[in-house]
Amino acid sequence: MSRSHHATSPAPATGRTATASLPVLSPADTARLLGSGLGPIVAQGVIARRPLVVAAAGKAGTDDRSVRLLQELRDRYGDGPVRVPVPGRPAALVLDAGGVRRVLTEGPEPFAPASWEKRGALRQFQPHGVLVSHGEARAERRRFTEAVLDTGSPLHAEASHIAEVARAETAALRDDAARRGAFGWDGFVTTWWRIVRRIVLGDGARDDHALTDTLTRLRRRGNWSFLVPRRDDLHERFASGVRDHLERAEPGSLAARIAQVDPGPGSAVTPEDQIGHWLFAWDPGAAVTLRALALLATHPEVRGRARAEAAAPSPGGPPELPVLRATVLESTRLWPTTPLLLRESTADTSWPGGTLAAGTSLLVPTWYLHRDDRRRADADRLDVEQWLDGGAADDWMLTPFSGGIGACPGRELVLFVASTVLATLLDGHHAVLLPPESFDASRPLPRGLNPYALRLGLSRAAR
Ligand code: HEM
């Protein structure tokens with residue numbers, strides 16, 4: 001992956017008008033986009049989800065409405081970029097695969113991942129995270145991140161240890177849920193965080209709920225971006241908690257890898273800041289995994305294949321579980337946890353229809369692109385095949401883990417953990433989706449699926 005090494009920050013918004021005539025949303029359509037498309041996404045919490053707002057959005061059907069709105073706008077304005085005349089902040093919607101590929105791969109110049117909005121939101125808990133970095137600092141932080149996370153390897157170097165941790169914690173949840181008959185978000189997320197803290201920081205962090213709670217408080221402040229001041233005291237409490245765990249460098253944990261990769265003094269990498277992002281990023285992983293279980297519970301054919309692959313002998317180490325991975329990927333496609341990818345242009349950029357001024361925010365609405373039933377036959381149904389045969393990898397309409405230079409470096413690791421958790425939940429057990437959610441393989445899947453309301457029945461399967 002090639003990266004440029006300029007030490008500059010992304011250019012500030014210039015407010016200049018584009019020189020040629022790219023389509024511009026009318027004031028009425030801009031208001032509709034902000035009100036029905038972007039507003040609900042921001043209101044649900046960009047950095048830390050707000051469960052009550054997520055539930056209200058589900059009841060109001062905002063996800064469905066916003067897909068239809070984007071379909072209508074694309075019919076009338078074309079594939080884009082379609083300029084969105086927000087006062088003081090030039091923005092443009094990218095609505096086709098070619099445009100998505102361009103803004104994600106041509107960076108960090110002229111399309112910088114470290115957009116103004118992200119810098120505002122993430123400065124609370126990872127002011128030096130790779131996502132909000134630019135130039136040489138970004139390149140160095142990205143190299144460090146890839147080395148520790150084993151980016152691109154389906155099985156992390158510590159996969160055996162990671163699988164052992166994921167299986168042991170999940171088996172305890174599963175057996176308890178089977179005794180009670182059901183489980184939901186609260187039980188699942190407690191187990192998930194134990195797994196995450198053990199994998200990232202070591203067994204000694206297993207029950208350090210206080211650390212995760214401090215991060216959640218910082219993330220809630222991140223929802224308000226530049227509107228609230230930084231809480232340096234809270235950030236320092238989180239960072240020093242992380243440093244204490246890192247010092248143990250427990251074998252098998254990512255903390256031990258960090259000690260090996262040690263960036264050394266004078267480096268732009270502060271491990272505790274990178275870990276701030278990693279821990280934050282595991283959170284959507286919980287929602288994605290629980291939704292994937294709901295998919296498996298309602299799709300017997302895929303479930304059968306997933307069970308068979310999990311039961312197959314794997315003498316060389318933990319299995320890769322491709323069908324379960326594909327189901328998790330489908331969960332991220334159907335209900336993307338980053339519904340909007342943002343890039344900020346650092347220079348004027350030319351497009352077939354005209355020029356976009358430097359400082360424009362480019363908006364990639366994954367929630368719509370993944371679910372556009374006018375362009376995708378699979379829009380509203382489970383389609384694991386496209387991840388198994390590689391079709392989805394070449395499809396720039398599908399970017400649940402982003403793509404190009406800012407693609408998620410934790411993708412393989414989280415897919416591995418999620419699929420190992422799912423295999424353990426299904427091992428010898430039968431799962432059913434319980435109300436209030438209700439869907440099945442014969443109907444279009446809902447466009448919103450509130451993970452906090454999910455309830456799964458679990459019982460021992462007859463052998
Ligand atoms: C299901 C879980 C996850 C999803 C859906 C996901 C998705 C994404 C997406 C969409 C981006 C790009 C954001 C952008 O373009 O602005 C991203 C970036 C990133 N993710 Fe993930 N992620 C997940 C889990 C993880 C985990 C577990 C880690 C670390 C252990 C991680 C580490 C990162 C980092 C460091 C970046 C910034 C990369 C850069 O700017 O170069 N992610 N992720």
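Looking only at segment 145-155, which residues are under 23 Å from G276 (Cβ atoms) and open to solvent by 10 Å² or more (accessible area, probe 1.4 Å)?
Residues of segment 145-155 that are under 23 Å from G276 (Cβ atoms), as a first pass: 145-152.
Hits for segment 145-155 are E146, A147, L149, D150, T151, G152.
For segment 422-450, name all the residues that are closer than 13 Å to A297 by Cα and of a type in the set (S, T, N, Q).
Matches in segment 422-450: S438 only.
Checking the condition away from the ligand (no atom under 16 Å from the Cβ) and part of a helix (DSSP H, G or I), which residue from R237, R257, R291 passes?
Working: R257 fails: away from the ligand (no atom under 16 Å from the Cβ); R291 fails: away from the ligand (no atom under 16 Å from the Cβ).
The match here is R237.
Suppose we filter L369, L324, L340 for residues that are within 16 Å of the ligand (Cβ to nearest atom), modelled with pLDDT of 95 or more and over 20 Å from L155 (Cα atoms); which single one remains?
It is L369.
Specify the residue that is modelled with the lowest pLDDT; the eligible residues are those in segment 123-141 that are within 10 Å of the ligand (Cβ to nearest atom) and open to solvent by less than 10 Å² (accessible area, probe 1.4 Å).
Residue satisfying both the conditions and the ranking: Q126.
Taking segment 400-455 as the search range and keeping residues that are under 18 Å from T327 (Cα atoms) and basic (K, R), which one is modelled with the highest pLDDT?
Out of the qualifying residues, it is R411.
The values are calculated or read from the model by the stated rules, or taken from the named source; none is laboratory data. Values in this document were obtained by computation on a predicted structure and should not be read as measured data. Every residue, glycine among them, receives a Cβ derived from its backbone with ideal geometry; neighbour counts consider all protein chains shown. Protein only, heavy atoms only, side chains kept; ligands, DNA and RNA dropped before computing areas. Shrake-Rupley method; radii C 1.70, N 1.55, O 1.52, S 1.80 Å.
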